[in-house]
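Asks: Mind having a look at this structure? Questions to follow.
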Amino acid sequence: MNVHAILAIYRFEMARTFRTLAESIVSPVLSTSLYFVVFGAAIGSRMGDIDGVGYGAFIIPGLIMLSLLNESISNASFGIYMPKWSGTIYELLSAPVSYVEVVIGYVGAATTKSVMVGFLILLTARVFVPYEIAHPVWMLCFLLLTAVSFSLFGFIIGLWADDFQKLQVIPLMVITPLTFLGGAFYSISMLPPVWQKITLFNPVVYLISGFRWSFYGVSDVNVAVSVGAILGFLALCLVAVWWIFRTGWKLKA
């Protein structure tokens, strides 16, 4: 394992983050703060508890997950797309660095950025609503597993994309709608029975439900199913990345 190569990629990506601190860190935190103001304070004050949890506190896991998914995908996809766009990826591929080390470097940096944003949002939420974390270890596990999985997914998107527009297609047209419809702002038990069954086909439901359970001990689906869904998606992304580097798909001109 070429640790120096991994650290070089990791440090380069993290340095880029701190050069664009406003866009990388501050912007998602401020955007999420607006959700707390609108949904937590304005609307939440007019709503009762959901599963014994105040509405302002109830939406915290959903808002963190919303930012975590988008930031993980965006950071990883942009990180690997830029070398493709500039042509420097061929220097990286010809260097004595394995694809495993390349993936660890890029995905590790994207995961770090996403987790930083997640913790900052968690701290920001304390300003607006009181909350407790019932299972802090599980909360950290869900946070890390989700960040790693979707950073890998973003890495795949970055390899697939042919232009900057494609980098935003999946986060804006797929991930964000699925998150809003996946129980980020409500419990799926509040839906009519038919829609409850339909919603279970939304994979983001399992992410948000498991993450919410780690906070308050309540969930819409079985926690074991949530863990299985995350691990299954992680395995699928790992297989996809292995296949891409093995075949050279989107890498060889």
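Asks: Got at least one residue in the range 180-200 being part of a helix (DSSP H, G or I), within 13 Å of the chain's Cα centre (by Cα), closer than 30 Å to residue 82 by Cα and not basic (Lys, Arg)?
Replies: Step one: list which residues in the range 180-200 are part of a helix (DSSP H, G or I), which gives 180, 188-190, 193-199.
Narrowing the set further to residues that are within 13 Å of the chain's Cα centre (by Cα) leaves none.
The answer is no; no qualifying residue exists.
Asks: Hand me the list of helices (runs of 4 or more DSSP H) wholly inside the range 68-179 holding 1 or more residues that are crowded, with 20+ Cβ neighbours inside 10 Å and not acidic (Asp, Glu). Even if it seems obvious, please write down each step before you answer.
Replies: Working: elements: 89-94, 99-128, 136-160, 164-170.
In the range 68-179, the matching helices (runs of 4 or more DSSP H) lie at 99-128, 136-160, 164-170.
Asks: Next question, about the same structure. Kindly indicate which of 40, 48 is assigned to a loop (DSSP other than H, G, I, E, B), of a type in the set (Gly, Ala, Ser) and modelled with pLDDT under 80. Explain how you work it out, then say what you get.
Replies: Working: 40 fails: assigned to a loop (DSSP other than H, G, I, E, B).
Answer to the selection: 48.
Asks: For residue 210, indicate whether it is surrounded by 14 or more Cβ atoms within 10 Å (Cβ to Cβ), at negative phi and in a loop (DSSP other than H, G, I, E, B). Please lay out each step first, then the result.
Replies: Numbers: surrounded by 14 or more Cβ atoms within 10 Å (Cβ to Cβ): yes; at negative phi: yes; in a loop (DSSP other than H, G, I, E, B): no.
Judged against the criteria, residue 210 is not a match.
Asks: Evaluate the range 6-23: report whether one residue or more is within 17 Å of the chain's Cα centre (by Cα), at pLDDT below 75 and buried (at least 17 other Cβ atoms within 10 Å of the Cβ).
Replies: No, every residue in the range 6-23 fails to be within 17 Å of the chain's Cα centre (by Cα), at pLDDT below 75 and buried (at least 17 other Cβ atoms within 10 Å of the Cβ).
For (1) of a type in the set (Gly, Ala, Ser); (2) without any contact (Cβ under 8 Å) to a residue 40 or more places away in the chain; (3) in contact with a Pro (Cβ under 6 Å, 6 or more places away or on another chain), each residue gets a yes or a no:
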residue	(1), (2), (3)
72	yes, no, no
87	yes, yes, no
111	no, no, no
119	no, yes, no
128	no, no, no
142	no, no, no
149	yes, no, no
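Asks: So residue 63 clears everything in (1) buried (at least 23 other Cβ atoms within 10 Å of the Cβ); (2) farther than 21 Å from residue 214 by Cα except one condition, right? Which one?
Replies: It is condition (2) that residue 63 fails.
Asks: Here are some conditions: (1) at pLDDT 85 or above; (2) in contact with a Pro (Cβ under 7 Å, 6 or more places away or on another chain). Residue 92 meets all but one. Which one does it not meet?
Replies: The single condition residue 92 does not satisfy is (1).
Asks: Right, something else. Provide a single number: the residues in the range 217-253 that are of a type in the set (A, V, I, L, M, F, W, C) and over 20 Å from residue 188 (Cβ atoms).
Replies: If we filter the range 217-253 for residues that are of a type in the set (A, V, I, L, M, F, W, C), which is where we start, we get 218, 221, 223-225, 227, 229-231, 233-245, 249, 251, 253.
Next, from what is left, pick out any that are over 20 Å from residue 188 (Cβ atoms): 231, 234-245, 249, 251, 253.
So the answer is 16.
Asks: Determine, yes or no, whether residue 96 is free of Cβ contacts under 8 Å to residues at least 60 places away in the same chain and within 17 Å of residue 6 (Cβ to Cβ). Show your work before the answer.
Replies: On the way: free of Cβ contacts under 8 Å to residues at least 60 places away in the same chain: no; within 17 Å of residue 6 (Cβ to Cβ): yes.
The answer is no for residue 96.
Asks: Same structure again: Residue pairs, Cβ under 6 Å, 6 or more apart or interchain, first in the range 173-193 and of a type in the set (S, T, N, Q), second not in a loop (DSSP other than H, G, I, E, B). List them.
Replies: 179/66; 179/204; 187/50
Asks: Another question, if that's okay. Would you mind finding the one in 136, 177, 130 that is at pLDDT below 90 and either on the phi < 0 side of the Ramachandran plot or among the hydroxyl-bearing types (Ser, Thr, Tyr) (or both)? Steps first, please.
Replies: On the way: 136 fails: at pLDDT below 90; 177 fails: at pLDDT below 90.
Testing whether each residue is at pLDDT below 90 and either on the phi < 0 side of the Ramachandran plot or among the hydroxyl-bearing types (Ser, Thr, Tyr) (or both) leaves just 130.
The values are calculated or read from the model by the stated rules, or taken from the named source; none is laboratory data. Quick caveat: nothing in here was measured; it's all calculated off a predicted structure. A quick note on method: Cβ atoms are made from the backbone with ideal geometry, for glycine too, and the neighbour counts reach across all protein chains shown.
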